[in-house]
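Read through the structure below, which is laid out as structure tokens, and then see the notes.
The values are calculated or read from the model by the stated rules, or taken from the named source; none is laboratory data. Everything numeric in this text was worked out from a predicted model, so none of it was measured. Cβ atoms come from the backbone with ideal geometry, glycine included; neighbour counts cover every protein chain shown. The protein model used for the area step is the full one, side chains on, heavy atoms only, and it has no ligands, DNA or RNA in it. Shrake-Rupley method; radii C 1.70, N 1.55, O 1.52, S 1.80 Å.
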Amino acid sequence: MSPTITRHPDGATLMSFAAGALSEPLAAAVSAHVSMCAECRHEVRDLALVGAALLGDAPASRGPVAAPVRVHESTSRERSARPHRERGDELPAPIARKYGLTLEDIDWTRLGPGVWQHKLPLSPSTKGELYLLKLIPGCRLPVHGHAGAELTLVLTGAFSDATGEYRRGDVLEVDAGTEHQPVADRLEGCICLIAAEGPYILKG
Ligand code: ZN
Ligand code: ZN
């Protein structure tokens, strides 16, 4: 189904997602990956079922069961939307639905040579950012660190950093303190969905 996806969010991130415990920007990016990735969809469903079973075992606590069950239902809906994803050049269904967007009609803002951004609004008072980033072929971002967790999901093309190459559907997760320098594919460039809990820290 998603044979080209080789890099997934780590287990702890999927577990937090299934429990509804991720921050809003990270949850949006994980939800987008899950809509593209059968493997993680199954894992999230299993984690949600385990969570529901654990909560169900606790006496007099039927209320919290609702949260994991909602995750299960939303992944079922995403599965039913699968035919839309086959073109391989579209926004993931949860993002397209929530923001009423397609990749073709995005109003990009130029950030610098070869770098374009489109911010996706989050709930008021939410910390962090969610945005689309477009890099022209061969574009090299500055070396930077992060003030919080950052999750990058590739939508078109590819990029690489010291940890390897990332293509459509692949996820790169970095922690606060990690430094890296993403470089867009020399032929295709890339468009990514990026969820960041804190700002970039530029070096030098
Ligand atoms: Zn996955
Ligand atoms: Zn980064």
First measure r as the distance between the Cβ atoms of A38 and E188, then evaluate 1/(1 + (r/R0)^6) with R0 = 30 Å and state the FRET efficiency to the nearest 0.05.
0.80
When ligands, DNA and RNA are left out and all protein chains stay put, how many square angstrom of accessible area per residue does region 105-202 have with a 1.4 Å probe?
48 Å²
Could you compute the FRET efficiency for R140 and K98, with r as their C-beta to C-beta distance and R0 at 30 Å, rounded to 0.05?
0.45
Measuring from label point to label point, each 7 Å out along Cα→Cβ, what is the T126 to A162 span in nm?
3.1 nm
List the lysines whose alpha-carbon lies under 18 Å from that of K119, not counting same-chain residues fewer than 8 positions away?
K98, K127, K134
Taking the Kirkwood radius as the inverse of the mean 1/r across Cα pairs, report the Rg/Rh of region 105-202.
0.94
At 7 Å along the Cα-to-beta-carbon direction for both L111 and T178, put a label point, then send me their distance in nm to one decimal.
1.7 nm
Residue span Y200 to T4: 0.36 nm per residue of separation minus Cα-Cα distance leaves a gain in nm of 67.7 nm
Rolling a 1.4 angstrom probe over the protein chains, ignoring ligands and nucleic acids, what is the accessible area of K134 in square angstrom, nearest 10?
60 Å²
